[in-house]
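The values are calculated or read from the model by the stated rules, or taken from the named source; none is laboratory data. Computed from a prediction, not measured in an experiment: that's the story for all the values here. All Cβ positions, glycine included, derive from the backbone under ideal geometry; neighbour counts span all protein chains shown. Calculation scope for accessible area: heavy atoms of the full protein, side chains included, ligands and nucleic acids excluded. Shrake-Rupley method; radii C 1.70, N 1.55, O 1.52, S 1.80 Å.
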Amino acid sequence: MRQPSESSVNATIWDSTTFYWTPNLKNNPLKRPRSCQNKECQKVDRISNLPDPIIQHILSFLPADDAIKTCILSKRWDSIWTLVPNLIFRRECSCSQEAENFAVFVDKALMHYCSPKVKKFLVEFEFTECFKAQVDSWVDFAVRLKVEELCLEFHREIADDPDYYYLPNFLYSNIPAEKLSLRFCALSPNKLKQVSWMSLKVLSISYSWLSNEMIKNIFLGCSLLEYLKLNQCCGFDQINTNFSSSLKDLVVDGSWGREDKFGDFVITIKGPNLLSLTLAGYMHRANYMLLDVSSLVEANIGYRMKSCSHGCRSNWYSAHRSVLHDLLEKLQHVEKLTIGTWCLQVLSISEVKGLSSPTSACKYLTLNKKINKWDLPGIASLLQSSPNLQKLTINLMPSNNFEFELDRSFYKYYSFDGEEYWSLYNQRIFKCLVLHLKSVEIFGFDTSCSSLKLVVDQWVQFLLKNAKVLEKMIIHAQRDDVNRTWMSVEAQELMELLELTQAFLSYPRASPNAKVMLESCFK
């Protein structure tokens, strides 16, 4: 959930330790503009005229400290915050004193809270062992109020800090929560043997140690679990969802291997009932092996494997190709496939060396990468191996865009021009372009990047010329080098955009029904 920034919400000066509030009228960002400072405008208070449940729903989207500040507005607002359905306690603590003040504030806020039930309870701050008793009391408070979503998301300034939050014994019992999120929390292997989270449907565990047996016991104790995310967890090398008939969505976001050599540590995933699988993050000295994922409908291979810093580079490429080839073979049947940076780079290397990809039944393909000309062979390989492709989506500005560095020999022996590359493929038949591809959508097209403009321009030309059943192509353009609104965009930039639009519209089209749309948004 996107939270309002402190500057956009905070209209007061507040001391969290003493619970006093002092209005800051001089710099109040909520002050009415001059145009509305007439008697008619001042008489209208639409917010205060709303029913209490509506106001409480609005306040539930704010952090608790901001929601509490509204009590100074009037007598009516004095206790409205005490019935908000969500309690969000979040604080970036740069010193121990700030953490202590934050803990005192949470204690006092819970003393004043009056709602018989809380929908979401979130605590996020830099946890240390001295706060264990207080956090236990907060968790007990949330459980007693039948919390539906419990989030204990701690962070640490030092990565190897031993201060994990050990879950209290009562939390392993049948808690009412349907969603549970844990970060830098320690789970007890013995307690997990009797865990009973019978209402839990969504579970996220980050930066924790988990053994294979612990994961198995979580499955056995969560009969309704539908979604599991393991983020930067270690200690396991197997995820067997046979112990959970209800699990449909699995996300593994990064992990660490136990050995020093690439490929020696393998995480095996067995999920005959899974419908969606996401492999993301950074794999350090580890890779994946899929055994049974026959029910998968959607797969996302967005993770990055560690580069090899020693040994023969060509052997390293071979190892990466082998891992990816095995994954794609196991995912041949999925309808929705998302490919990330690492995968596309490996596919490009394989293509230029004459190694094809396994045939895929994919109908909806997403590429998450800022594309350059070295990615074109990988794209061609995916088109060739996806004869049933109906929609292609390209996200040119993914949040995680780590790339490994190609060696000089690759650039030397496989150098090519982008336009020339696609011209060579004009004689090659892509079954998906002839029979099935109907929709193409490109996000994050930065028109200020000349190299990206060239690659996208060549790519658009090729698709329009060869996609015989294409119905629509939507390109979302933006400029990240300027901080302007539409009203302040220079005439030259608008002319460039107009020329780009005219160029796209002028390219020959194999499909008489193809529509090209360029949507622009300057940041």
For this session: Once you have a ≥ b ≥ c as the square roots of the Cα gyration tensor eigenvalues for region 123-231, tell me rounded if a/c is under 1.5, and otherwise prolate or oblate according to whether a/b is larger than b/c.
Result: oblate
For this session: Starting from the amide H of residue 208, placed 1.01 Å from N in the peptide plane, find each other amide H under 5 Å away whose residue is 5 or more places distant or on another chain.
Result: 233, 234
Seminar exercise, completed: Note, region 345-362: 3J(HN,Hα) by Karplus (6.51, -1.76, 1.60, θ = phi - 60°), whole Hz, Gly/Pro = x, goes 5, 5, 4, 5, 4, 4, 5, 5, 9, x, 9, 7, 9, x, 5, 10, 8, 4
Exercise. Residue by residue through region 206-220, which ³J(HN,Hα) values in whole Hz follow from phi under the Karplus form 6.51 cos²θ - 1.76 cosθ + 1.60 (θ = phi - 60°), with glycine and proline marked x?
Worked result: 10, 6, 9, 9, 9, 8, 4, 5, 5, 5, 4, 5, 5, 4, 5
Exercise. With every protein chain in place, what's the accessible area of residue 173 (1.4 Å probe, Å², nearest 10)?
Worked result: 60
Problem set entry | Built amide H within the under 5 Å cut-off of residue 186, gap 5+ | 165, 166, 167
For this session: Evaluate 2.2 N^0.38 Å with N set to the residue count of region 194-241, then give the Cα radius of gyration divided by it.
Result: 1.07
For this session: Could you please put 237, 326 in sequence from largest to smallest accessible area, using a 1.4 Å probe?
Result: 326, 237
For this session: Could you pull out the pairs from 363/465; 431/465; 369/465; 229/270; 120/179 whose alpha carbons sit more than 19 Å apart here?
Result: 363/465; 369/465
Exercise. When the chain is fully extended, how far beyond the present Cα-Cα distance does residue 372 get from residue 188, taking 0.36 nm per residue of separation?
Worked result: 61.5 nm
Seminar exercise, completed: With Rg from the Cα atoms and Rh as the Kirkwood inverse mean 1/r over Cα pairs, region 177-281 has an Rg/Rh of 0.94
Problem set entry | Residue list for region 215-248, given a label point 7 angstrom along the Cα-to-Cβ vector of residue 196 and an amide N cut-off under 15 Å | 220-224
Exercise. Leaving out ligands, DNA and RNA, what percent of the accessible area of region 186-283 is carbon and sulfur, probe 1.4 Å?
Worked result: 48
Problem set entry | Hz values of 3J(HN,Hα) by residue in region 293-302 - Karplus curve (6.51, -1.76, 1.60), Gly and Pro given as x | 10, 5, 8, 4, 10, 9, 9, 10, 9, x
Exercise. Roughly how many Å² of residue 455 are accessible to a 1.4 Å probe, to the nearest 10?
Worked result: 20
